[in-house]
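The numbers here are math on the coordinates, done by the rules we state, and not lab data. In this text the structure is predicted, and so the values were computed from the model without any measurement. Cβ placement follows ideal geometry from the backbone for every residue including glycine, while neighbour counts extend to all protein chains displayed.
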Amino acid sequence: MRSYTLHLPPDARPGEATGLERAVLVPDGFSWSAFAFTVLWFLYHRLWVAALIVLVGLIALAGGGLLLGLPTGAGLIATLLAGWLIGLEASSLRRWTLARRGWPARDAVIASSSEEAEARALGRWLDANPAPPRAPFPNGPSRRSEAVIGLFPAHEGAR
């Protein structure tokens, strides 16, 4: 079983189908394709800034290995470890980029396949009742008439 996060555009509302055709489902966990193709994976998912940072990081890693005179085996191990780190963090970077673009995670589902996760997430989204808007402040008594709870003394009048 794998967990997935559902990202929708800002104009999407619970219970409405508006924006569902543009929904993005991001799997959580290690990404083998990001491990194998690194920069190409980021470009395919339109993560331009992350692709640039990964490309610069891999070039710096290779250049540092050459400057230090590391043997070929050590350079290969360093590259594989960098790819492993990229595979571990690729989904998180994709979620971060979507949130930065205004598409926050709206739901999280656990499913055995991406098709099942999509069916569950979209079904839950369409079945959801939109919450009524809340008042910005509670309608209860003001704080000055309430008793103080905790270690702070009660508000005293003029001294």
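At most 16 other Cβ atoms within 10 Å and a DSSP loop assignment: could you name the trypsin sites (Lys or Arg not before Pro) in region 1-63 that fit? Don't skip to the answer; put the middle values down first.
Numbers: sites: Arg2, Arg22, Arg46; in loops: Arg46.
Of the trypsin sites (Lys or Arg not before Pro), the ones in loops of region 1-63 whose Cβ has at most 16 other Cβ atoms within 10 Å are Arg46.
Between Glu115 and Leu70, what is the FRET efficiency for a Förster distance of 35 Å, r being their Cβ-Cβ separation, to the nearest 0.05? Numbers along the way, then the final one.
Details: r = 45 Å, r/R0 = 1.27.
Approximately 0.20, to the nearest 0.05.
Can you tally the net charge around Ala108? Count Lys and Arg as +1, Asp and Glu as -1, for every other residue whose Cβ sits under 15 Å from the Cβ of Ala108. Display every interim value, and only then the final one.
Numbers: positive: Arg2, Arg94, Arg95, Arg106, Arg120, Arg124; negative: Asp28, Asp107, Glu116, Glu118.
Net charge around Ala108: +2.
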P(r) tail for region 2-145, what percent of Cα pairs lie past 25 Å? 46 percent
Find how much the distance from Val49 to Ser92 grows on full extension, using 0.36 nm per residue of separation minus their present alpha carbon separation; answer in nm with one decimal. 14.1 nm
If we count every other residue with Cβ under 15 angstrom of Trp41's Cβ, Lys/Arg +1 and Asp/Glu -1, where does the sum land? +2
